[in-house]
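Working notes, structure below.
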Amino acid sequence: MQNFEFFLSAFLLLSGCNCQFRTFASSSEELRGTVIQEVDSVPEEGTSPGKIVVERVVAYPVPGNTDEITLRNIGGQTVDLTGWALTDNNLSQDQYILGQTGCEDQAVLKPGYSVIIYPYSVEVPCGFDFGISFADEINLFNAQNQLEDKVTWSYTSRGVAIYKTEEGQHLNIPEGSETVVGVLSSIPDFSYLLYALKFHGLYEVLQAPSDPDNLV
C-alpha cells in the first residue's frame, strides 16, 4: 500500500496537483447528528482559532436518502455553536438554531470534527425544518447573527453531494462514491490516471472512504 501511495503522490505531483487524500472514521448518532473525526492531521487545541464551514450539502438525494448539511471545524480550537443558525435562501424564516435543549451535542465541535444535520422528523428531533431545493443555498450564521459561511448552487443533480474545498471551490460527487476513485472521477484531467488504475487492477485499493474536502 505504501508503494502505491508513493506512486499516486508522484503522479499527482508530476501532473501539477499538490493533493493529499486522507481517510476518515465515523461514529453515527442518528438523532443528534453524525460526528466525524479525522484520523490524520487533526490540529492540536489552540494552534489556530476555530473555523466552522458548511462542508457538504446533499440537496437532491436519491430515493430512500435524505437531505444533509455537514458542518466542519477546520480551525484549531473547539467551537461552541449554541445559538448559531442554518438557513436556506429564505433568510426571513425557517432558521434552524443549533444547541437547543436536547440537541446540545450538536453544538460542540472540536478541531477536525464534523456534524451532519438531517431534516426534522419525529425520529430526528434535532433537525432542520426547511426544504432544500436543487437550486438553493445554505447560510451559516453565528450567535451574533454574522454570516460565517455560505454555499450556493444554481443546479445540482439527484444523488450528488456538494462539497466545499478549503480553497472555497465546489466539487459535485455522487453520494456513496466518496473514495479516492470517486473524487478523481469528479475532477477533470484525471482520465489517464483512472485508465491506468483500471488497467493495473488498482481500483479496489482505493475503495476506502476518503474525505473529498481534503484536496489540499
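Listed values, structure above:
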read-out	value
Segment residue 100-residue 154, extension gain: residue separation times 0.36 nm, minus the distance between their alpha carbons	16.3 nm
Förster-model FRET efficiency, 22 Å R0, residue 82 and residue 48, C-beta, rounded to 0.05	0.55
Per residue accessible area of the range 39-163, 1.4 Å probe, in Å²	46 Å²
Shape category assigned to the range 43-94 from the gyration tensor of Cα positions, a/c cut at 1.5	oblate
The range 68-162: GluC sites (Glu not before Pro) in DSSP loop, at most 16 other beta carbons within 10 Å	123
Loop trypsin sites (Lys or Arg not before Pro), the range 74-165 (other Cβ atoms within 10 Å of the site Cβ: 14 or fewer; DSSP)	158
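The values are calculated or read from the model by the stated rules, or taken from the named source; none is laboratory data. What you are looking at is a predicted structure, and each value in this text was computed from that prediction instead of being measured. Cβ atoms come from the backbone with ideal geometry, glycine included; neighbour counts cover every protein chain shown. Surface areas here come from the heavy atoms of the whole protein model, side chains and all, with no ligands, DNA or RNA. Shrake-Rupley method; radii C 1.70, N 1.55, O 1.52, S 1.80 Å.
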